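Visitor: Right, I'll just put the structure down here and ask away after.
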Amino acid sequence: VEIWTPHSRPLHKYLRERIKVFTCRFKDEHGRNITLNDLCEAFPTIPEHILKKKLRDVGAEMNSDQTWELKSVPNENDILNSVSPENVCQYETMLYGEHKLHKMGIKVLTSA
């Protein structure tokens with residue numbers, strides 16, 4: 001299994017799908033559209049401007065009351081298949097590796 005690097009294409013694809021799934025589940029569970037504050041609480045390591053971009057990427061639009069709503073809601077099968085448990089493990093392993101490097105004092109990664 002490949003572990004993603006920060007800012008890689010697979011990581012961005014995963015985040016887009018994870019935010020879409022979270023947004024759909026949030027509306028089902030809470031009966032209302034999601035706010036940016038809700039997303040910031042759920043994804044504290046992702047900056048607000050990135051969350052806004054990912055919301056636009058998944059086809060969400062901001063309403064006049066500052067909530068976000070998906071234009072087209074995927075069916076349950078698509079939701080279940082969009083983010084696998086392996087993807088979640090890859091993402092969390094990347095975060096753990098990044099945390100360990102920061103803890104050791106390594107702030108910037110460069111390619112050789």
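The values are calculated or read from the model by the stated rules, or taken from the named source; none is laboratory data. What you see is a predicted model; the values in this text were computed from it and never measured. With ideal geometry, Cβ positions are generated from the backbone for all residues, glycine too; neighbour counts draw on all protein chains shown. The area values use the complete protein model at the heavy-atom level, side chains included, leaving out ligands, DNA and RNA. Shrake-Rupley method; radii C 1.70, N 1.55, O 1.52, S 1.80 Å.
Visitor: So which of I19, I46 is part of a helix (DSSP H, G or I), among the aliphatic types (A, V, I, L, M), open to solvent by less than 70 Å² (accessible area, probe 1.4 Å) and without any contact (Cβ under 8 Å) to a residue 40 or more places away in the chain? Step through it out loud before you land on a result.
Guide: Values: I46 fails: part of a helix (DSSP H, G or I).
Testing whether each residue is part of a helix (DSSP H, G or I), among the aliphatic types (A, V, I, L, M), open to solvent by less than 70 Å² (accessible area, probe 1.4 Å) and without any contact (Cβ under 8 Å) to a residue 40 or more places away in the chain leaves just I19.
Visitor: Specify the residue that is nearest to D78 (Cα to Cα); the eligible residues are those in region 34-55 that are modelled with pLDDT of 90 or more and of a type in the set (S, T, N, Q).
Guide: Going through the qualifying residues, I end up with T35.
Visitor: Give the residues of region 56-76 that are at pLDDT 85 or above and assigned to a helix (DSSP H, G or I), sorted by residue number.
Guide: Correct list: R56, D57.
Visitor: Within the bounds of region 29-43, is there any residue that is open to solvent by 90 Å² or more (accessible area, probe 1.4 Å), more than 29 Å from H102 (Cβ to Cβ) and either out of contact with any helix residue (DSSP H, G or I) (no Cβ under 9 Å at 6 or more places or on another chain) or part of a helix (DSSP H, G or I) (or both)?
Guide: In the first step, residues of region 29-43 are kept if they are open to solvent by 90 Å² or more (accessible area, probe 1.4 Å); the result is 29-30, 32, 37, 41.
Now restrict to residues that are more than 29 Å from H102 (Cβ to Cβ): 29-30, 32.
Imposing the further condition that a residue be either out of contact with any helix residue (DSSP H, G or I) (no Cβ under 9 Å at 6 or more places or on another chain) or part of a helix (DSSP H, G or I) (or both) reduces the set to 29-30.
Yes, region 29-43 contains a residue that is open to solvent by 90 Å² or more (accessible area, probe 1.4 Å), more than 29 Å from H102 (Cβ to Cβ) and either out of contact with any helix residue (DSSP H, G or I) (no Cβ under 9 Å at 6 or more places or on another chain) or part of a helix (DSSP H, G or I) (or both).
Visitor: Which of the residues belonging to region 58-76 are surrounded by 11 or more Cβ atoms within 10 Å (Cβ to Cβ) and charged (D, E, K, R)?
Guide: E61, E69
Visitor: Filter region 77-112 down to residues that are assigned to a loop (DSSP other than H, G, I, E, B) and open to solvent by 100 Å² or more (accessible area, probe 1.4 Å), then give me how many there are. Reasoning before the result, please.
Guide: The initial filter retains those residues of region 77-112 that are assigned to a loop (DSSP other than H, G, I, E, B), namely 83-84, 104-112.
Next, from what is left, pick out any that are open to solvent by 100 Å² or more (accessible area, probe 1.4 Å): 104, 107-112.
Result for region 77-112: 7.
Visitor: While we're on this one: Among the residues of region 55-93, which ones are in contact with a helix residue (DSSP H, G or I) (Cβ under 7 Å, 6 or more places away or on another chain) and touching a residue at least 60 places away in the same chain (Cβ under 8 Å)?
Guide: Correct list: S82, V83, N87, Y91.
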